1. If a/c stays under 1.5 just call it rounded; otherwise compare a/b with b/c (prolate if a/b is bigger, oblate if not). Do that for the stretch 1-88, with a ≥ b ≥ c from the square roots of the Cα gyration tensor eigenvalues.
2. When ligands, DNA and RNA are left out and all protein chains stay put, how many square angstrom of accessible area per residue does the chain have with a 1.4 Å probe?
3. Straight-line reach from residue 87: which lysines have a Cα under 25 Å away, not including same-chain ones fewer than 8 places off?
4. At a threshold of 8 angstrom on Cα-Cα distance, excluding pairs fewer than six apart, so keeping six or more, what relative contact order does the chain reach in percent?
5. Helix-only mean residue ellipticity at 222 nm, the chain, DSSP H runs n ≥ 4 weighted -39,500 (n - 2.57), per residue, nearest 500. What is it?
6. Please report how far the C-alpha centroid of the stretch 46-104 lies from that of the stretch 126-141, rounded to the nearest whole angstrom.
7. Which of 53, 14, 43 sits closest to the plus end of the dipole of the stretch 1-63, meaning its Cα is farthest towards the positive end, when Lys and Arg get +1 and Asp and Glu get -1 on the C-beta?
8. Where the only charges are on Cβ atoms (+1 Lys, Arg; -1 Asp, Glu), what is the dipole of the chain about its Cα centre, to the nearest 20 debye?
Amino acid sequence: MSTRYPTIRFTVNGEVRIVEAPPMKRLLDVLREDLHLTGTKEGCGEGECGSCSVRLNGELVNSCLVPVLQAEGADIQTVEGLATDGKLHSLQEAFLSCGGAQCGICTPGMLMASAQLIERKPHPTMPEIREALAGNLCRCTGYMRIFESVVAATTAQDEILLAETHDAR
């Protein structure tokens, strides 16, 4: 006897996705197992470490705590959605060049929290960066390279905007 689960429809990284899943299955598991978006990581499974952070309707959430049914009709962005047209986001580039990523477990959550921050505050101060990333735990970097990566990304974005303005003339 086969169990039929509800059909749940949402948008992930700009693409409409439809899954049949138990309503209480974690969004994290649907993303990784059903949609094969494995960038989002499971660290603690309890909402304490931030490794599984995604943006749900523009808000940063721990996907390990969100039942997939709660995502019905939602717009979800995962770490895969930061890159556009095959080009890494300035944050991803900065994490690579500044050594903000080491083992990789916390990196997707750090990137998502950082993206949320610089979208809302393009030139955050170091205390603002620390506060924005406070919900994300890292055991490898000591955090300074992560913070430096966010600063580098904001500088890179300024340079891109300056170049685009110059090119438009």
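The values are calculated or read from the model by the stated rules, or taken from the named source; none is laboratory data. Note that the coordinates shown come from a computational prediction; the quantities given were computed from them, not determined experimentally. Cβ atoms come from the backbone with ideal geometry, glycine included; neighbour counts cover every protein chain shown. To get the accessible areas, we keep the full protein, side chains included, count just its heavy atoms, and leave off ligands, DNA and RNA. Shrake-Rupley method; radii C 1.70, N 1.55, O 1.52, S 1.80 Å.
1. Details: a/c = 1.79, a/b = 1.28, b/c = 1.40.
The shape class here is oblate.
2. Details: 9270 Å² over 169 residues.
Here the per-residue accessible area is 55 Å².
3. 41, 121
4. Values: 283 pairs, mean separation 37.4, N = 169.
Once normalised by length, the contact order is 22 percent.
5. Details: 4 runs with 55 residues, N = 169.
Taken over the chain, the calculation gives -10500 deg cm²/dmol.
6. If we compute the Cα centre of each part, the gap is 15 Å.
7. So the residue we want is 14.
8. Values: 15 positive and 22 negative charges, 59 e Å.
Dipole magnitude for the chain comes out near 280 debye.
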